[in-house]
Amino acid sequence: TVHLAGRPTPALESAAVALRDMGAEVHTHAFDALDPDSHEETLGKLFTEGDIDMVLLAFGVLGDQLRDEEEPLAAVRVAQTNYTGAVSAGLVCAGALKRQGHGSLVVLSSVAGERARRANFIYGSSKAGLDAFAQGLGDALYGLGVHVMVVRPGFVRSRMTAGLKEAPLATTPEAVAEAIEVGLR
């Protein structure tokens, strides 16, 4: 059984169809990273339907670095999505995993969080904050049956990076998924 929580878009429905075609039972749920007041209700209720083995926290926005430097509210939106939204969603899910006594929380971060660079320091700083949060959360959950794994891929050929100049060592979403699976095993 797979629960997909995301903005109600054709992409969410397309992902659900693809998973159903692979034989999964799929449920979609409206979720907005920028609405932390709704996270407990939206995500917390998923755990009332039965145990969940793994949560993949995989959302974020790249933003437009040059524009965002000139429009601070746009930069704040990047930070609120990538950090604040993820902290809220992560804590809701971690609390539920802790209550059930087992499970994994996989946090999709970015290599950009390792060292913020001129070209994307707003995005990078938000992912650096997410990294620190997830590492601390993993420490807080140690010994309680819940495992937190931080994944920091580099440039991934995806909808988010479409149109950008490809960086060295670029990868695919499928390769990242395989690495996550190996890491969980």
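Every residue in segment 58-74 that is without any contact (Cβ under 8 Å) to a residue 60 or more places away in the chain and either among the aliphatic types (A, V, I, L, M) or in a strand (DSSP E or B) (or both), please.
Ala58, Leu66, Leu73, Ala74
Out of the residues in segment 137-158 that are open to solvent by 40 Å² or more (accessible area, probe 1.4 Å), modelled with pLDDT of 95 or more and of a type outside the set (Phe, Trp, Tyr), state the one that is nearest to Phe59 (Cα to Cα).
Applying the filter and picking the extreme gives His147.
With respect to the numbered conditions (1) hydroxyl-bearing (Ser, Thr, Tyr); (2) surrounded by 13 or more Cβ atoms within 10 Å (Cβ to Cβ); (3) free of Cβ contacts under 8 Å to residues at least 60 places away in the same chain, which one is the sole condition not fulfilled by Thr161?
Exception for Thr161: condition (3).
Take Thr48 and decide whether it is open to solvent by 40 Å² or more (accessible area, probe 1.4 Å), hydroxyl-bearing (Ser, Thr, Tyr) and at pLDDT 95 or above.
Answer is no for this residue.
Here is a check on your reading of the model: is Ala86 touching a helix residue (DSSP H, G or I) at 6+ places or on another chain (Cβ under 6 Å), modelled with pLDDT of 95 or more, open to solvent by less than 20 Å² (accessible area, probe 1.4 Å) and closer than 30 Å to Glu174 by Cβ?
Yes, satisfied.
Kindly indicate the residue of segment 15-41 that is in contact with a Phe, Trp or Tyr (Cβ under 9 Å, 6 or more places away or on another chain) and surrounded by 17 or more Cβ atoms within 10 Å (Cβ to Cβ) and also nearest to Asn120 (Cα to Cα) among those meeting that condition.
In this case the residue turns out to be Ala33.
The values are calculated or read from the model by the stated rules, or taken from the named source; none is laboratory data. This structure is a prediction, so every number in the text was calculated from the model and none was measured. For neighbour counting, all protein chains shown are included, and Cβ atoms are generated from backbone atoms with ideal geometry for every residue, glycine included. The protein model used for the area step is the full one, side chains on, heavy atoms only, and it has no ligands, DNA or RNA in it. Shrake-Rupley method; radii C 1.70, N 1.55, O 1.52, S 1.80 Å.
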